[in-house]
Amino acid sequence: MNLTDGILRTRYRNGYGWPEPMKPGTPYLVTVDVGNASSDFKTGHRIRVEVRSSNFPHLSRNTNTGRQPELGAENVSGAPNGAARLAARLPHCPANA
């Protein structure tokens, strides 16, 4: 069951007016707006945060080349293993709040 999702084409992480491709091996701080959601997780429950480089066909494909996929066909390559490390900050409300 998905609680919420969000998407960001990272070349537009600083705004849609100026695309900035990411450089391999360079860490970036990226914020993805996932809207508002809430759920009560009991002790022992587990959650999964999933980060993917594509959500095709729901959203336009990501070729992992830095080029715009809407401008033509090309070979699609997957992101190499270990290409990204994730640190997620999840808000937490204490049980007695």
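Coordinate-derived values only; no laboratory data. Only a predicted model underlies this, so the values are computations on that prediction, with no experimental measurement involved. Methodologically, a virtual Cβ is constructed for each residue, glycine included, from the backbone with ideal geometry; neighbour enumeration extends over all protein chains shown.
Computed FRET efficiency, Cβ-Cβ of W18 and T43, R0 41 Å: what is it to the nearest 0.05?
Values: r = 46 Å, r/R0 = 1.12.
After rounding to 0.05, the efficiency reads 0.35.
Packing order of peptides 8-14, 41-47, 51-57, 25-31, highest average first: 8-14, 51-57, 25-31, 41-47 (average count of other Cβ atoms within 10 Å over each peptide's residues).
Rounded to the nearest 0.05, what FRET efficiency do F56 and H92 have when you use their Cβ-Cβ distance and R0 = 30 Å? If you can, show how the numbers build up before the last one.
Details: r = 33 Å, r/R0 = 1.09.
Once the sixth-power term is evaluated, E becomes 0.35.
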